[in-house]
Structure formats: structure tokens, C-alpha cells
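Remarks on the structure that follows.
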Amino acid sequence: MATPKSRSRDGYPGRALALILVVTVGLVALMFGTGYTKPRLGIDLAGGTSVTLTAKSDDPSAINKANLDTAVGIIQKRVNGMGVSEAEVQTQGNSNIIVNIPDGGNTQESIDKVGDTAKLYFRPVLAAAPSGVSAQPQPSGSPSSAPSGSASPSASGSASAPASPSSSASKAGRAVSGALQADPTSAASGSASAPATGSAAPSAGASAPADQPDMTAALTQGTAPAELQKQFTALDCSVKEQRKNYQSSDPAQPTVACSYDAEQGLWYKFALGGVAVNGQDVTKAQAVYDTQSAKGWMVDLSFNDAGSKAFAATTGKLATQQSPGNQFAIVLDGAVVSHPYVSESITGGSAVISGTFTQADAKSLGNVLSYGALPLDFVKSDVTTVSPQLGSDQLKAGLIAGLIGMVLVVVYSLVYYRGLGLVSIAGLVVSAVLTWSIMSLLGAGVGFALNLPAVCGAIVAIGITADSFIVYFERIRDEVREGAQLRPAVQRAWPRARRTILVSDFVSFLCAAVLYLVSVGKVQGFAFTLGLTTLLDVVVIFLFTKPLITLLARTKFFSSGHPWSGLDPKRLGARPPIRGSRRRPAPSQQTQEV
């Protein structure tokens, strides 16, 4: 039994082993509890979709490397989240951007975000009506002018579907109020608005002139351009071609737009005024949950100076109108993604959009508003599915190579280190479990995807972990060769081995960090995996290998130097110290004494 003095000298290895055991079991339990039991695979292993975006501009000189690089950065943020989800975005040629999105998760949503490359605008709503019904625009201030049996925004706070006994009411209206306050009554109450379409990633475009006409008043007074009234009447949003053909390309001019309610399966059409606020003027937008006034999920947004002034002026005008003239439409790529109402002029550069938001709806609208403008317009010139067959074959070959390497390490450890080899094998198993669990959880948490270079990084980590074992084992054996007993040899060998291991791992981690920062695409996967496994090597060697060897040094099998322990003094060539002998004087000293 170890004495208190020996425990103080050896430390408390049991505590370290218990800690890493708890961490390992906790990660494994979390992995199985969440259902993410394996890492997410990259496009080269799991397949996916490749989207080719082609830049278009009225000014050919605008299609240049600088603008393409800017667009790549924005699209990368849209589809890549924290930068490790394995969605690749890169330029090709002088006008194309290639986006590779792996299968799994929200692949279709990511593809939709890639395609949402047009401009984001805030436009006043002049009229609204269900699509497919031949009707004149419902002017502001005339609630009764909507076609019979049709859905239209109303001041009562609800919107009805087309007449049908079984039709359900559409979503309650979404209100825009000033910045979120503690007073529950400070935000506007719900009003009517037609349901918003699904969200998509945004962009912004050129600002409209400040002296644009008040088209809401013009429509109310019947002085709206005849062309706009004609387009609104003829527009059928269920026809894809019409949703584009009737739209104005001039931001300052009024236009028509469509919105689709997926819940009801209905299209709505809108007559919109010229751009009042540019999407570029939104500095921040995020989904928040209001716990103060029980309004649930909302979207909190902020504007820059120009946007704050334009938004205050626009909301001041809209607040004096009746529904639907008190609404403004958030228009992305020519489609209305939301059209909340306002009841007062909103100043201060902040606003809150509230209503019947779910968490997903609020986050989607927040994403629409938060991203910046793309410097160019893009069209999807090609969308193809990438087969994972080649990647699967390469993965299989890589795993076979890794397995062969692991077997060779195990065989070498057992043959050369014998009993100590079991320690290295156990350390490799612990490191593998930690690596697998963390990669699986990162795939669910931050979108980390395992690609072929990442697999190579994991294989390289086998050598890094084995090297740390070897450094410590050889230091211990050096002490045994000098004639030290095993327990003091374990303690004296650790400081020198620890310094060597930390320096080696620091160099590996530094290389991985630099490679991750300066590289793009798949190479980042290699660097990320290498850095992660290097950190885990430090954890395993400190919390598992060293404490375990300390405990094993107390056992008779190892402390007695059993031939199969790997620490047999005779096999190591150790010479025991000669005790009880006097040192003979040098010959010159003997002559001088005589």
C-alpha cells in the first residue's frame, strides 16, 4: 500500500484517471443522447450538390476579381456558418462562382440561400390581393374594396383565405415598433398582413432617390400610374414567368411583387411603391425572444444613419395610412418575404418586427435582413448532383491504410515495449473515442464535415500520439538503465518527457493553426483535424498515460522488472550500483605517500 508520503510524491493519479473517464463517458453519452453518433461527411465522401453561379451586370467592367471575391465571402457566410461545414465556395474563370454543398441537414435551404443573390429593399405597400383573382388594387383606406371571398389585409387584425368553408385564417399580422423596451405596452399590437414567404439569404442594392413620390397617397387618390394598375390587375403569381416579367428594374419606380403562403397554398400579389429604405442600410438583424411583454419571437433590427433617417420618414408616412397602406414590404429578389405594418414613426435607428413568429420564422427573417449586399447579380447557370462513389472508394482506401498503420503501431508496441505497449494501445483507444465523439458533436453543433484531408489528419494523429508515448517510455527506461527503481524512475522521467512532448505538440498545433488560417476549402479540414487531435494528445498524455503508468509502477509485475513488463533491468542493460566498496587512490597519490 502506498504511504501518504509516496502519494504526495506521485501525485493523485486516480483523480486524473477519474476525470478523463468522466469526460469520455459524458461525451459518449451526449453523442448517443443527441443521436449524432457519427461525424458528418463532406461532399467528397457523402455526395452533395454543386451550384454554378454566373455573374451578370449591365456594366461589364463590374464583373471583376474584386467583386467576385467579395461575393464569395458573402456566400461563404451564408452557407458555411462558422467556416467548417465543408461547403466550398470558390471562383471559376472570370464570371463564375462554384458552390459545393454536402448532402445532409438543410441542403435545399442552403441551395436556396445561394440563389438569393438579388437586392433587398423596403417598399411601401400600395395594394394587396390574392393572386389568380381578377381584381382592381385595394387602395389604402378602402377595406371594403377587396374582392368578395378573397384574402386581403384588414384593420381587424386577421386575414381570410378565399371563401371556403374549410379554409383556415391566415397568420396574424406582424407589427413594426420601436426598439424593444421593458414596458409591455410599448410595442405595437398585431395587425393584419398576408403571410410571409419562406426566408432566404439577402443582399442589398443601390439606394433610391430621396425625393421619390408618395405612391401610397397617389394610389388612394386614384392617380397611380395606369401601367401599375394594369400590371397589378393582370398579375397571376401562380405563373412563374409573370412573377418576373411585371417587375420594374428601377428601384425608384413602383412595381408589383408576389408572396406565397406555404401553409394555405395561396399566392398573394402586391402593388409596391418605390424603394424607401435600402437593405444595405441594415447594420444588424437578429431573432430575439421577448420575455417581457409575452410577444414571443421577434426580429430586432438596427439601421445606419442613412437608413435610420429614411426608415423614420417612411414609417411616419405609413403610420397615417389605413391598411394595407400602413404596411411596408421587405422585398428580396423581387419576392415579398414579409410585410409588417407600422402605427407610428420609428426613430432612433432601431425597430422590432413582432407577430406570429415561430423561432424558425424569426431566424429566417433575421438572416434575410442581416447579410450585406452582393456587388453583382447572379443566376444559377448549373445545378448538378455530385456522386460520392469516388470519395467512398478513396475513403475506404484511406481507412485501410490507417488500419494498417494502427496494426503496425500496436504490433511494434507489444514487441518492443511488451507490457508498456498495452498502455500505449489503451491511450490510442481513449484518444480515438474522444476524437470520434467530438467530431460527431461538432458536426451537429457547428457543421464540421469530415472530408478526405481531415481523415488524413486523423491518421497522422496516430503517429503524434504514439510518439508521445515513446518519449515517456524511453525516459523511464533511461532511468532504469541508470539503476533507479521503477517508482522513482517514473517520477524523475516525467519532467524531461513532459517538456519534450509539450514542445513537439506546440509545434504541431502551431503548424495546424497557421495552415487553417491561410488555407481554404478542404485543406482547412486537414488543419482543423490535426489541431484537434494534437490538443487531445496533450489531454491523453497528462490525464491518462502518466497517471496510469504511476499506478502500474506500484504493482509487483512492473516494479519487480518482470521480463514481460518491458522494464526488465537485465534486458535494458542496467548495471546495479556497487555498494560497500572504497574508491582506490590514484597512482600518483600512492607514490607521494610512500
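The values are calculated or read from the model by the stated rules, or taken from the named source; none is laboratory data. No experiment lies behind these values; they were computed from the predicted model shown. Ideal geometry is used to build each Cβ from the backbone, glycine not excepted, and the neighbour counts take in all protein chains shown. The area values use the complete protein model at the heavy-atom level, side chains included, leaving out ligands, DNA and RNA. Shrake-Rupley method; radii C 1.70, N 1.55, O 1.52, S 1.80 Å.
Of note:
- On the stretch given as region 294-306, residues that are in contact with a helix residue (DSSP H, G or I) (Cβ under 6 Å, 6 or more places away or on another chain) and crowded, with 22+ Cβ neighbours inside 10 Å total 3.
- In region 434-463, residue nearest to LEU30 (Cα to Cα) [restricted to those that are more than 21 Å from the chain's Cα centre (by Cα) and modelled with pLDDT under 90]: ALA458
- Listing of helices (runs of 4 or more DSSP H) fully contained in region 1-97 that carry 2 or more residues being closer than 30 Å to PHE542 by Cα, modelled with pLDDT of 80 or more and open to solvent by 70 Å² or more (accessible area, probe 1.4 Å): 13-34
- Looking only at region 273-306, and only at residues there that are among the β-branched types (Val, Ile, Thr) and touching a Gly at 6+ places or on another chain (Cβ under 9 Å), the one that is farthest from PRO225 (Cα to Cα): VAL288
- Listed conditions (1) at pLDDT 90 or above; (2) part of a helix (DSSP H, G or I); (3) open to solvent by 20 Å² or more (accessible area, probe 1.4 Å) are all met by ARG554, apart from (2).
- Considering region 335-383, and only residues there that are part of a strand (DSSP E or B) and at pLDDT below 75, the residue that is surrounded by the fewest Cβ atoms within 10 Å (Cβ to Cβ) turns out to be THR356.
- Some residue of region 249-267 being of a type outside the set (D, E, K, R), crowded, with 24+ Cβ neighbours inside 10 Å and over 29 Å from ILE74 (Cβ atoms): no
- First in region 24-39 and under 22 Å from THR529 (Cβ atoms), second anywhere and outside any helix (DSSP H, G or I), Cβ under 8 Å, 6 or more apart: MET31/THR37; PRO39/PHE448; PRO39/ALA449; PRO39/LEU450
Conditions (1) in a strand (DSSP E or B); (2) open to solvent by less than 10 Å² (accessible area, probe 1.4 Å); (3) in contact (Cβ under 8 Å) with a residue 12 or more places away in the chain, marked per residue:
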residue	(1), (2), (3)
ILE462	no, no, yes
TYR472	no, yes, yes
ARG477	no, yes, yes
ALA484	no, no, no
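- Leading residue by the ranking (modelled with the lowest pLDDT) among those in region 271-293 that are polar (S, T, N, Q) and either farther than 16 Å from HIS339 by Cα or open to solvent by 10 Å² or more (accessible area, probe 1.4 Å) (or both): SER293
- Within region 225-236, residues that are assigned to a loop (DSSP other than H, G, I, E, B) sit with their Cβ atoms under 7 Å from residues that are open to solvent by 40 Å² or more (accessible area, probe 1.4 Å), at 6+ positions apart or across chains, in these pairs: LEU235/GLN242; LEU235/TYR246; ASP236/GLY132; ASP236/GLN242.
- Residue that is surrounded by the most Cβ atoms within 10 Å (Cβ to Cβ) [pool: residues in region 307-334 that are part of a strand (DSSP E or B) and modelled with pLDDT of 80 or more]: GLN327
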